[in-house]
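A.B. asks: One structure, pasted below without further comment.
The numbers here are math on the coordinates, done by the rules we state, and not lab data. Keep in mind it's a predicted model, so treat the numbers as computed, not measured. Heads up, the Cβs are rebuilt from the backbone with ideal geometry, glycines too, and the neighbour counts pull from every protein chain shown.
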Amino acid sequence: MSHTIGIIGGDGIGPEVVAEALKVVRAVGVDFDTVEYDLGGSRYLRTGDVLPDGVLDELRSLDAVLLGAVGAPGVPAGVIERGLLLRLRFELDLYVNLRPFCLPGKLDFVVVRENTEGAYAGEGGFLRKGTDHEVATQGSVNTRMGVERCVRYAFELARSRPRRHLTLIHKTNVLTFAGDLWQRTFDAVAPEFPGVDTAYQHVDAACIYFVESPERYDVIVTDNLFGDILTDLGGAISGGIGYAASANLNPARTGPSLFEPVHGSAPDIVGTGRANPVAAILSAAMMLEFLGENAAAARVRKACAEPRVVQGSTAEIGDAVAARV
């Protein structure tokens, strides 16, 4: 089956690592066509556009989107994050952010992060901005529908894995409204998955356990903000952010899902060949799996894992992985 994949190289090292990911996908023998999109900080600086409605409509018709990294010096904070990344998540209903972490012999867990609500929903504003009496509010939006579909996805994922264990991470002792909704929803869904063992941890304790005993985790489910922070820590403990892949999923498949490495655009190393493309390659493997190309995805993961590719230039690492698949 042929797939049509949107390519957003973006800024900085984004186009470099995406090129290597596509090299590996071609080497593994998957039939696909690509459609290139000029989106990111550089486009914004040139044109003032972030995500035109017409481009968004085109993206809706694709099978998947592979993104490198976005962000360029000179772009005001929040313009690309809210105007491109968050808008794609909201408009395409990419409500699951999936981030796997694996370090053979030490840890193997997956974080399911709710991706369209919480503190990133944009509720809030300013009162008396710029004065000595300024007030800023930032609300956390949590709906039963949004929480339940994320929790249910996490239970289904945990049931499919050998350990069959799911941990809810939140801060229910302080965030007594949002946390209560998450806990009650988690408890209500759990009886539908009798083979899955469950646990709860406060997010501050989880930060300690991530460092001291990450082997305790199998699948984690958490809200948008906590998931954002915890998964950066997950990258640090599993070999570095250069190995951290992610998927922004629409499990209902009413539109394309988006796949991207967790790292940023790293403008300081553009063109030096120092960018590690493995996170982008592993993100492409997640894309292949979501598209039903399970055997190809498994070959890509194996090629990246044994032994880990850590030496060489960006292109040389891509060549090495492509040769292995």
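A.B. asks: Shape verdict for the chain, please, from the Cα gyration tensor: rounded (a/c under 1.5), prolate (a/b greater than b/c) or oblate.
C.D. replies: Oblate is the answer for the chain, as a/c is 1.5 or above yet b/c matches or exceeds a/b.
A.B. asks: In whole Å, what is the distance between the alpha-carbon centres of the range 125-196 and the range 263-325?
C.D. replies: Cα centres, the range 125-196 to the range 263-325: 32 Å.
A.B. asks: Which cross-chain or sequence-distant (5 or more) residues have an amide H under 5 Å from the amide H of Thr34, H modelled 1.01 Å from N in plane?
C.D. replies: Hits under the 5 Å cutoff: Ile5.
A.B. asks: Pairs of Cα atoms under 8 Å, at least six residues apart: use those to get the relative contact order of the range 95-249, whole percent.
C.D. replies: Relative CO of the range 95-249 lands at 36 percent.
A.B. asks: Under 5 Å between amide H atoms, partner at least 5 residues away or on a different chain: which partners does Ser246 have, H built in plane at 1.01 Å?
C.D. replies: Residues meeting the criterion, in which the H sits 1.01 Å from N, are Glu260, Val262, Ser283.
A.B. asks: In addition: By its C-alpha gyration tensor, with a ≥ b ≥ c as the square roots of the eigenvalues, how is the range 1-75 shaped: rounded for a/c under 1.5, else prolate for a/b larger than b/c, else oblate?
C.D. replies: It comes out oblate by the Cα gyration axes.
A.B. asks: Take every Cα-Cα pair in the range 95-249 and report what % of them are more than 21 Å apart.
C.D. replies: Value for the range 95-249: 45 percent of Cα pairs lie more than 21 Å apart.
A.B. asks: Compute the distance in nm between two label points, each set 7 Å from the Cα along the Cα-to-Cβ direction, one at Thr47 and one at Arg163.
C.D. replies: 4.5 nm
A.B. asks: Would you mind computing, in nm to one decimal, how far apart the modelled labels at Ala323 and Phe126 are, each placed 7 Å from Cα along Cα→Cβ?
C.D. replies: Distance between the two pseudo-spin positions: 5.5 nm.
A.B. asks: Want the number for Leu56 to Ser313: 0.36 nm per residue separation, take away the alpha-carbon distance, what's left?
C.D. replies: 89.1 nm is the gain from fully extending Leu56 to Ser313.
A.B. asks: Using helices alone, what [θ] at 222 nm do you get for the chain, with -39,500 (n - 2.57) per DSSP H run of 4 or more residues, divided over all residues and rounded to the nearest 500?
C.D. replies: About -11500 deg cm²/dmol.
A.B. asks: Is the range 169-325 best put as rounded, prolate or oblate by its Cα gyration tensor, with a ≥ b ≥ c the root eigenvalues, rounded for a/c under 1.5, and otherwise prolate when a/b is larger than b/c, oblate when not?
C.D. replies: prolate
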